[in-house]
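**Q** Pasting in a structure now, in structure tokens, and then I'll have a few things to ask.
The values are calculated or read from the model by the stated rules, or taken from the named source; none is laboratory data. Everything numeric here is computed off the predicted structure, so don't read it as measured data. Cβ placement follows ideal geometry from the backbone for every residue including glycine, while neighbour counts extend to all protein chains displayed.
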Amino acid sequence: MIITRRAFTAALSLTGLAALAGLSPLRLITEAILPEAMAQTAADVAKPVSLPDMALGPANAPVTIMEFASMTCPHCAAFNKDVFPKLKAEYIDTGKIRYIFREFPLDIKAAAGSMLSRCIAKDDAQKYFAVTDMLFRSQNDWVVKNTTETLTRIGKQAGLSQEQVETCLKDQSLLNKIEADQKYASEVLKVDSTPTFFINGEKIKGETSIEEFEKRINPLLKS
């Protein structure tokens, strides 16, 4: 589905994100357009795109997990709350895996949340994951209601001024990069839903349990 400029502007009006009215729409590719397929190679998954990767864990870890998520996706929020802390404690903090988070916004509110995380964190991955965690945990507040107010409050809590938050949410260049990275994920990696994971290039769709991750990760650590 393509979000037209008219629909985009209407959505902003309805959600209260008037600060975003000057931004171009996201081109969202649906499952009806792109068929299910595995990524061509692990190198395609690992390829750097427009924005610098936000990653935890050593660069030379034997296993790399990449998550594509939307900040407004309830399944992503549930994974962040219930599974990711276990994955982090067992594998990331022990240096066994490198974990990369890439934005795949499914709507304009998700794009706004991703933009705010990037603006707050800059190049600090630890801060980025902390802000992303905060956004997932307060998802009901800023997605369902009080979108602009809640995003502004989170930005201020993280040290941004009102003006800096507004400037962030109007950053055309940042939105363009998020859009370009989403397009690459859609067209090359065939990502069409969130969350989607790649474990050393192998694709897994949907909210995944810690047991399923262990089943896939542990053999890779022994090889």
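**Q** Given the structure, is residue 181 among the acidic types (Asp, Glu), over 25 Å from residue 82 (Cβ atoms) and surrounded by fewer than 16 Cβ atoms within 10 Å (Cβ to Cβ)?
**A** Values: among the acidic types (Asp, Glu): yes; over 25 Å from residue 82 (Cβ atoms): yes; surrounded by fewer than 16 Cβ atoms within 10 Å (Cβ to Cβ): no.
No; evaluated as a whole, the condition is false for this residue.
**Q** Something else about it: Mind listing whichever residues of the range 121-137 are among the polar types (S, T, N, Q) and surrounded by 16 or more Cβ atoms within 10 Å (Cβ to Cβ)? Give the derivation first.
**A** Within the range 121-137, the first condition is being among the polar types (S, T, N, Q), and the residues that meet it are 126, 132.
Selection gives 132 alone.
**Q** Between residues in the range 169-191 that are among the aromatic types (Phe, Trp, Tyr) and residues that are not in a helix (DSSP H, G or I), which pairs lie under 6 Å by C-beta distance while being six or more apart or on different chains?
**A** Taking only residues 6 or more apart or on different chains, the pairs are 184/49.
**Q** Among (1) over 27 Å from residue 57 (Cα atoms); (2) of a type outside the set (Lys, Arg); (3) more than 19 Å from the chain's Cα centre (by Cα), which single condition is residue 172 missing?
**A** (3)
**Q** Here's something else I'd like to know. Looking only at the range 186-202, how many residues end up being within 16 Å of the chain's Cα centre (by Cα) and either in a helix (DSSP H, G or I) or not polar (S, T, N, Q) (or both)? Spell out how you get there, then give the answer.
**A** Applying the first criterion (within 16 Å of the chain's Cα centre (by Cα)) to the range 186-202 yields 186, 189-198.
Applying the additional criterion that residues be either in a helix (DSSP H, G or I) or not polar (S, T, N, Q) (or both) yields 186, 189-192, 195, 197-198.
Counting residues in the range 186-202 that are within 16 Å of the chain's Cα centre (by Cα) and either in a helix (DSSP H, G or I) or not polar (S, T, N, Q) (or both) gives 8.
**Q** Would you confirm, using the coordinates I've provided, whether residue 108 is in contact with a Gly (Cβ under 7 Å, 6 or more places away or on another chain) and in contact (Cβ under 8 Å) with a residue 24 or more places away in the chain?
**A** Answer is no for this residue.
**Q** Which number in (1) farther than 27 Å from residue 95 by Cβ; (2) β-branched (Val, Ile, Thr); (3) assigned to a loop (DSSP other than H, G, I, E, B) marks the one condition that residue 208 misses?
**A** Here residue 208 clears every test but (1).
**Q** Let me ask you something else. Kindly establish whether residue 158 is modelled with pLDDT of 95 or more and either farther than 26 Å from residue 183 by Cα or crowded, with 18+ Cβ neighbours inside 10 Å (or both). Break it down into steps so the answer makes sense when it comes.
**A** On the way: modelled with pLDDT of 95 or more: no; either farther than 26 Å from residue 183 by Cα or crowded, with 18+ Cβ neighbours inside 10 Å (or both): yes.
Considered against the rule, which asks whether it is modelled with pLDDT of 95 or more and either farther than 26 Å from residue 183 by Cα or crowded, with 18+ Cβ neighbours inside 10 Å (or both), residue 158 comes out as no.
**Q** Based on this model, can you work out whether residue 183 counts as farther than 27 Å from residue 78 by Cβ and within 14 Å of the chain's Cα centre (by Cα)?
**A** no
**Q** Hey, can you tell me all the residues within the range 150-183 that are more than 19 Å from residue 132 (Cβ to Cβ) and in a helix (DSSP H, G or I)?
**A** Taking the range 150-183 and keeping what is more than 19 Å from residue 132 (Cβ to Cβ), we get 161-163, 166-167, 170, 172-173, 176, 180, 183.
Once the filter is applied, which keeps residues that are more than 19 Å from residue 132 (Cβ to Cβ) and in a helix (DSSP H, G or I), the range 150-183 yields 162, 163, 166, 167, 172, 173, 176, 180, 183.
**Q** If you don't mind, there's one more thing I want to ask. Go through the range 86-120 and report how many residues are surrounded by fewer than 18 Cβ atoms within 10 Å (Cβ to Cβ) and among the hydrophobic types (A, V, I, L, M, F, W, C).
**A** Here the count works out to 1.
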